[in-house]
Amino acid sequence: MFDFINLDIERQLEIMTQLGIHSQARLYTIYHEELYAPDELDSVWLQQTINQLYAKHEAYKQTWEYETDNDKLTKAFAELNSEGIISLEHAGFTNSDGYEDVMSVYSKAKNPSLFYGYAFYHEQDAISAVMNGTLMLSFGSLDSEKEQTLGIEVGQKIVNTLNRYGLQTSWNGTFEQKIQIDNFKWQKR
């Protein structure tokens, strides 16, 4: 996946806490039952470490008296959603999961004809952003036959919107490359 899997468990837990995505109970379950066999990790140490990291992170969040990059992204995604681009934060763990989440939203929409494109990041993208300050966004046309035309228009709309909200982007203008938000300081409330 990326360098995350090579980190020691405590650093992994610290990054997962910074994501602001999982509850303490969920993070415990992920490490105690899903990534490792039950009792492979000391359960008392694991719970204490998670509790300490969450308390530290909650105290850190209280110092955010400004609009964070995550706040800006949330606002940009809300605008994109209102303009016909299904925009999802933390859409699954992989690109495939994210696309499935987009299609689920699309299929459940009261008026799906209002939507023509999508944008999302998944958990691996978020972890990378915490680690290296770059958030990658998947995007495209909801009509897969129009990826090379409408998909590129969707990408440009996303880039323009993100830039207007003060987020710095890099993108080569093709459907083949994800949109990159550079210098992204991950601070999710």
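The values are calculated or read from the model by the stated rules, or taken from the named source; none is laboratory data. Note that the structure is a prediction, hence the values are computed from the model and not measured. When we count neighbours, we look across all protein chains shown, and the Cβ atoms used for this are built from the backbone with ideal geometry, even at glycine.
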Please go through the range 21-37 and give me each residue that is closer than 15 Å to Ile9 by Cβ and surrounded by fewer than 12 Cβ atoms within 10 Å (Cβ to Cβ), ordered by number. Glu34, Ala37
Looking at (1) under 17 Å from Leu19 (Cα atoms); (2) modelled with pLDDT under 95, find the lone condition where His122 falls short. (2)
Go through the range 154-173 and give me each residue that's surrounded by fewer than 18 Cβ atoms within 10 Å (Cβ to Cβ), in contact with a Gly (Cβ under 8 Å, 6 or more places away or on another chain) and either in contact (Cβ under 8 Å) with a residue 24 or more places away in the chain or among the polar types (S, T, N, Q) (or both). Gln156
It is to be established whether one or more residues within the range 125-142 are surrounded by 15 or more Cβ atoms within 10 Å (Cβ to Cβ) and charged (D, E, K, R). yes
Restricting to the range 164-185, name every residue that is over 18 Å from the mean Cα position of the chain (by Cα) and of a type in the set (S, T, N, Q). Asn172, Thr174
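Being small (Gly, Ala, Ser), closer than 20 Å to Ile86 by Cβ and in contact with a helix residue (DSSP H, G or I) (Cβ under 8 Å, 6 or more places away or on another chain) narrows it down to one residue among Ala119, Ala109; which is it?
Details: Ala109 fails: in contact with a helix residue (DSSP H, G or I) (Cβ under 8 Å, 6 or more places away or on another chain).
None of the others qualify; the one that does is Ala119.
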Hey, Phe93 hits all of (1) modelled with pLDDT of 95 or more; (2) under 30 Å from His57 (Cα atoms) but one; which does it fall short on? (1)
With the requirement that a residue be over 26 Å from Glu153 (Cβ atoms), of a type in the set (D, E, K, R) and surrounded by fewer than 15 Cβ atoms within 10 Å (Cβ to Cβ), what does the range 45-96 give you? Lys56, Glu58, Lys61, Glu65, Glu67
Pick from Tyr99, Tyr118, Tyr106: which is farther than 23 Å from Lys61 by Cα, of a type in the set (Phe, Trp, Tyr) and crowded, with 20+ Cβ neighbours inside 10 Å? Tyr118
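Just name the residue that is surrounded by the fewest Cβ atoms within 10 Å (Cβ to Cβ) out of those in the range 174-189 that are over 30 Å from Tyr54 (Cα atoms) and of a type in the set (Val, Ile, Thr).
Within the range 174-189, the match that is surrounded by the fewest Cβ atoms within 10 Å (Cβ to Cβ) is Thr174.
Being over 20 Å from the mean Cα position of the chain (by Cα), part of a helix (DSSP H, G or I) and assigned by TED's automatic domain parsing to the domain that holds Thr174 narrows it down to one residue among Ile127, Ile152; which is it?
Numbers: Ile127 fails: over 20 Å from the mean Cα position of the chain (by Cα).
Ile152 is the lone residue from the list that is over 20 Å from the mean Cα position of the chain (by Cα), part of a helix (DSSP H, G or I) and assigned by TED's automatic domain parsing to the domain that holds Thr174.
Based on this model, can you work out whether Gly151 counts as farther than 16 Å from Gly84 by Cα and either loosely packed, with under 13 Cβ neighbours inside 10 Å or not acidic (Asp, Glu) (or both)? Walk me through it before giving the result.
Values: farther than 16 Å from Gly84 by Cα: no; either loosely packed, with under 13 Cβ neighbours inside 10 Å or not acidic (Asp, Glu) (or both): yes.
For Gly151, the condition - farther than 16 Å from Gly84 by Cα and either loosely packed, with under 13 Cβ neighbours inside 10 Å or not acidic (Asp, Glu) (or both) - is not met.
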